[in-house]
1. Net charge within 11 Å of Gly30 by Cβ-Cβ distance, Lys/Arg positive one each and Asp/Glu negative one each, not counting Gly30 itself?
2. Under 19 Å Cα to Cα from Lys132, which aspartates and glutamates show up? Leave out anything in the same chain fewer than 8 places away.
3. Answer rounded, prolate or oblate for segment 157-271, using the Cα gyration tensor with square roots of eigenvalues a ≥ b ≥ c: rounded when a/c is under 1.5, else prolate when a/b is larger than b/c, else oblate.
4. Please list, short to long, the whole-number percent of alpha-carbon pairs of segment 237-386 in consecutive 10 angstrom bins beginning at zero.
5. Please compute the volume of the convex hull spanned by the alpha-carbon atoms of segment 299-410 and report it per residue in Å³.
6. Using a 1.4 Å probe, how large is the accessible area of Trp142, given in Å² and rounded to the nearest 10?
7. How do Ile276, Ile242 stack up against each other in accessible area, from largest to smallest, with a 1.4 angstrom probe?
8. Multiply the residue gap between Glu473 and Arg401 by 0.36 nm, knock off their C-alpha separation, and tell me the result in nm, one decimal place.
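The values are calculated or read from the model by the stated rules, or taken from the named source; none is laboratory data. In this text, all values refer to a predicted model and were calculated from it rather than measured experimentally. Every residue, glycine as well, gets a Cβ built from its backbone with ideal geometry; the counts of neighbours run over all protein chains shown. Note: areas computed on protein heavy atoms with side chains; ligands, DNA, RNA excluded. Shrake-Rupley method; radii C 1.70, N 1.55, O 1.52, S 1.80 Å.
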Amino acid sequence: MDQKIHNQNTGSYTANLLGNIRSHLAGLQGYDVMALELIQNADDAKAEEVVFDITDNGLLVRNSGQFTYCGDLNKPCAFLSQGNYKCDYHRITDVGSGGKLSRGENIGRFGIGFVSTYQVTDHPEIRSSGIKLALYPERGQWFIEAFEEPDGTSFFLPWASDPNTEARLALGISHVSPTHIDQLAEDFQAVLRKSLLFLRHVRKAEIRRNGQLLLACDLDRSEGSDLIVSFRPSGAVEQWHILRADAAEAAQRLYATHPRLETLHRSTNISIGLRIDPEPLTEGLLYAFLPTEQSTGLPLHLNADFFPESDRKAVIFAGHQHEQAWNEMLIDAAAAELARDPEGLLQMLGTVQLWQILGRAYDLSSKPAGHPACFKRFWERLKVTATQARIAEAQDGSLQRPSGVFIPRTHLDEHQAKALLEVGGRLVAEELRPFQTAMNQLGAPILTLERLVVLMESAMAKQVAGATEVDQERLEHFHRPLWSIINDLIPDAGANNPSANPAVQRLLALPFVVTEVLFSGNNQSVIHGACRAGRRPYCGIAAETLDCLQPARRISENHPADKAARSWRGGVAHQFDVQHRAG
C-alpha cells in the first residue's frame, strides 16, 4: 500500500441500498419491463413453464425452475469455495452484484432486473428450495422461513396499495391502484405474445386473473428450423422459420482488438425469425433473447447475444466501447446469413416476402431513418448475392436474375406482355412492381424505347420486309399490342427532335408496319408510302407516334397524307390535333 495512504485514516466505501434501488428502478420503469425480467429469471433457471396469476392480493409468478441455495445467507456463499457462482438467493440479496455478468448461459447480465418488481410491491417474496425469502428494502433486511414450494419456484408480489408505507415513501414510488392492475394485465399479455420465440428453455407461458386464463402461449420447437407458436384461448397459430448462424470466426477476429470480450463468454449464435403464417411481419425487432423495442427496419426479428441498454429497450450502438463493436459484428454476421442463399429464401418464403425484405434492406441503405449505420450491411451483403440469383419472377412464371426482367413505367396488359415476350423481353410479375426501386438497383432495367428497339432488332434480324404475311389474329395479338407499347414510349424518346433520335431511326428500319394487304414492311417506307397515298398502315400507330416516325418537313393542310393521318386518329387510342410531317 502507498505510504501516504497507509498513514491516513480509512473507512468503509459503501453504497446506499435505497439509493441503488431508486437509481436502477428509474431505468426499469414499465410493467412490460417487469414482465420481461421475470420471464428472463425463469429462462435462466432453465424453467420450461412460467405462469403469471394477477390476483386481488398481489402478483403470483410460478416457474418450473429451481432457485439455487447454499444453505446460509449469513455467511459468504459456500458455492464460491467450490469454484461456482453465488447461489441465486445470495445474488438476489445483493443488488447489482453482477453475478450473471460472465455466465454465457444466462440471459440476465445485470443482477438488478428483480428491482423492477418494486414498481408494484414493497416486500417481494421468493419461494424455492424449501425456504421463503422476504425482502424489506426500507430496513435493509431480509427474512427467511421454511416454506415448501412443490413445483419449482414462485414469486409473490403483494400489491403496494398504500401510498404512505415506509417503503413507498423511501423509494419515492407511487402506490398501485385497481387501474394500475388492469394496465399490468394488458401489458403482460402484449409482452407474452412476442417474448418466447428465442428463449432457450421456456416453452409455455400463461397469464391468469384470479386463476382464470387470459392468455397462454405454447411454443413447439421442431428438430429443424420451423417453429409453431399457439395461443389460447383464441386458438391462433403462427408459423415461423428460423435461420441460424454462428459468428464465431468474426468474434475471434474481434477479440484481438477488444480482449475484454473474450472474458465475457458471449454467445456467437444468431437467429433470424421469419413469420410464414398468417402473414409476414410488418416490422421486426431486435432481440437479446427477449424483445427490445428497437426495430430491425426489416420484416423479420433478429436475435443474438447483444449488449442491450440497461432498460433492455434498445441495443448499444454508440460509445465506441467493446459493447458497440460486438453488436455491430453480430449485425454484419446476420446480414451475411440473410444474404447467403437468396434462392433458398425464395423457396421458403415466396417471391413477395423475399422482395419485401430486399426492398426494406434497400431503404435501410438509402434512407436510414434513425437506424444505426451498421444496418446498411444488410443491403451491401444482399446486393452481392441477389444480383446473381434467380429470384425475379417474370409475368410468364419463370424465375430470372433481376437483370433478366424489364420494369415497365406503366402497367402493360396481357396482350402487350405476350407481344413483348415474343421479341425476347420478359416483364417483371405485376405483384413485384411495388419493389421496382430495389429491383432496378439489383440490375432490372426500365423498359425504354432504346431497349425495346434492341429486342426488336434481334427478333426481326432475319425477317425480310414485305415477305411476311400477317393474318388478322397476328395483327390484333402481336402488332397492335407491340405498337401500343411503342406509342407509350416514343413521345419521351422523341420529344425534342424525334427524327434525330437514334432509337427512332433504328425503329424506322425495322420490317414491322403492316400494309393494307397485310404484309409487314419497312416502317419508313410503309408509313411514307401510306401517307403519300392518303392511306393509313394497318396497325395501332398513334398520331403522335406517326409524327415522330415521319421525316421532319411539315406538309400543308390539304396534302392527302395529312388528311389520311388526321382521319386515322379517330380509330386509334390517342386523338390529338397535330400537324403531320411527310417526305
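1. Here the count lands on -3.
2. By straight Cα distance, Lys132 reaches Asp53, Asp72, Asp88, Asp94, Asp122, Glu145, Glu148, Glu149, Asp151.
3. Cα axes put segment 157-271 in the oblate bin.
4. Here the calculated profile for segment 237-386 is 11, 43, 35, 10, 1.
5. Spelled out: Cα convex hull of segment 299-410, divided by residues, is 121 Å³.
6. Approximately 80 Å² for this residue.
7. The residues order as Ile276, Ile242, largest area first.
8. 22.7 nm is the gain from fully extending Glu473 to Arg401.
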